[in-house]
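As structure tokens, the structure follows; a few thoughts come after it.
The values are calculated or read from the model by the stated rules, or taken from the named source; none is laboratory data. Because the structure is a prediction, the values reported are computed rather than measured. Please note: Cβ atoms are built from the backbone with ideal geometry, for glycine as well, and neighbour counts cover all protein chains shown. Side chains are part of the model used for accessible areas, which takes the heavy atoms of the whole protein and leaves out ligands, DNA and RNA. Shrake-Rupley method; radii C 1.70, N 1.55, O 1.52, S 1.80 Å.
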Amino acid sequence: MVRSRIAGIGKYIPPHTVTNHDLIQYMDTSDEWIQERTGIRERHYAHRTEETTTTMSVEAARIAMERAGTRAQDIDFIVFATLSPDYYFPGCGVLLQRAMQMKEIGALDIRNQCSGFLYALSVADQFIKTGTYKNILVVGSEKHSFGLDFSTRGRNISVIFGDGAGAVVLQPTEEQEQGILSTHLHSDGESAELLAMYNPGTHANHWAARNYAAFNESEIGDMFMSHAMIDNAQNFPFMDGQSVFKKAVVKFPEVIKEALNANGLAPADLKLLIPHQANLRISQFVQQKLQLRDDQVFNNIQHYGNTTAASVPIALCEAWEQGRIQKGDLVCLAAFGSGFTWGSALLKW
Ligand code: COA
């Protein structure tokens, strides 16, 4: 049976580091609060004008392709996950195709926020398994720093997020003991508004009756984009942090167990769990719930913050670069986020 395997992996972290102390000049917060609640010590921000979600993805993709021994003209499909695209439309997939001077291949954009990379990987995996494509570039990239509310009003969100990109090249393998064993994707739109950016959008208050705190009809109005939206900071993300936390600590272990059960495996079999870097407290909770040792869970949120669709490939890349993943190791990737959407992938490296 043909499976897909990660033939090359790369990451790009913009050089500009922003510590918790640096944020204090913009908002009422503290290093203690941020570290205690999230584990984050610093994050990186893209250059405001010289770097975009797409340019960062190009850097990550170049490294992944070099490590896979693949040239731009060999790539036959792109799957690009982001919630912070260069343009509202078209998506970043075509901008990456253009920047890397690839052939007129298909480019698919994925809008699944923190689970974006898992969704992207799963789609690419199906194309490889069916024999449709042989070299798929799967990317997660985010430039959050361009779209956060850096006033005290937005502090519960802005301290968490960082910029960066990760990419893999997926190829077929016929080796028995290698590749993606299974992927598992889920959603529950009941809580769509609990972690969301409502504007600009076409909702025209249609969902306001659901009574979410961030909906204020007089401020949002019936425009795609208005001065009032901007004046009232309605163009920034909204998050009900506690609800997100509560759901995440249930769904992460659930979807990881689903992946293990589907393959007749147990948590003890895992070499490494790479959870989406949402919050160090969430990862620690998941570790405890699954009774995993410290060396079985990889965390790097301390240095990068939450990079949404980029967090899983960045963490996977860093773990691999540190020698923590060797050929034949069982690795589980898992993510949860806005939607809510969540997913996992189990693979043998
Ligand atoms: N600095 C200092 N104080 C802050 C702050 C910040 N950056 N952000 C919020 N606060 C304040 C709040 O205003 C509130 O003050 P009050 O009690 O005077 O009203 C207090 O801290 C507690 O706020 P709360 O939102 O209840 O904190 P929390 O313990 O739930 O922690 C999160 C907030 C966001 C860290 C936490 O809910 C969380 O991590 N949730 C999951 C978020 C996540 O993972 N998102 C990504 C999903 S993929």
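Legend: Rg and Dmax of segment 122-214, from Cα coordinates, 19.3, 54 Å. Comparing segment 172-303 with the 2.2 N^0.38 Å rule of thumb, its C-alpha radius of gyration ratio is 1.42 (two decimals). Most mobile of Thr19, Thr38, Thr49 per a Gaussian network model of the chain (Cα springs, under 10 Å)? It is Thr49.
In terms of accessible area, using a 1.4 Å probe and ignoring ligands and nucleic acids, Asp86, Asp329, Asp269 rank largest first as Asp269, Asp86, Asp329.
Across segment 1-38, the residues whose backbone nitrogen lies under 13 Å from the label position 7 Å along the beta-carbon direction of Lys129 are 1-5. Here the calculated FRET efficiency for Met1 and His227, from their Cβ-Cβ distance with R0 = 45 Å, stands at 0.20, rounded to the nearest 0.05. For the chain, what is the percent of antiparallel DSSP beta bridges, rounded to the nearest 5? That works out to approximately 70 percent antiparallel. Near the amide H of Gly106, within less than 5 Å, lie the amide hydrogens of Ile78, all on another chain or at least 5 residues away, with H placed in the peptide plane. Using a simple spin-label model with pseudo-atoms 7 Å out from Cα toward Cβ, Leu265 and Asp22 lie 3.7 nm apart.
Enclosing the Cα atoms of segment 3-173 in their convex hull gives a volume equal to 114 cubic angstrom per residue.
Within the accessible area of the chain, what % is carbon and sulfur when the probe is 1.4 Å and the other protein chains stay in place?
Working: 7540 of 15160 Å².
The C+S portion of the solvent-accessible surface of the chain is 50 percent.
Less than 16 Å from a label point 7 Å out along the Cα-to-Cβ axis of Asp329: which backbone N atoms in segment 232-269 qualify, by residue? Taking a point 7 Å out along Cα→Cβ of Asp329, the residues of segment 232-269 whose backbone N falls under 16 Å are 268-269. Calculate I(q)/I(0) for the chain by the Debye formula, one identical point scatterer on each C-alpha and no solvent, and give its log10 at q = 0.07, 0.09, 0.10, 0.13 Å⁻¹ to two decimals. Normalising to I(0) and taking log10 leaves -0.27, -0.46, -0.57, -0.98.
Only helices enter this figure: runs of n ≥ 4 DSSP H residues, each worth -39500 (n - 2.57), summed and divided by the residues of the chain, yield -9000 deg cm²/dmol at 222 nm to the nearest 500.
Residue separation of Asp74 and Tyr88 scaled by 0.36 nm, minus their Cα-Cα distance, works out to 2.2 nm of gained length.
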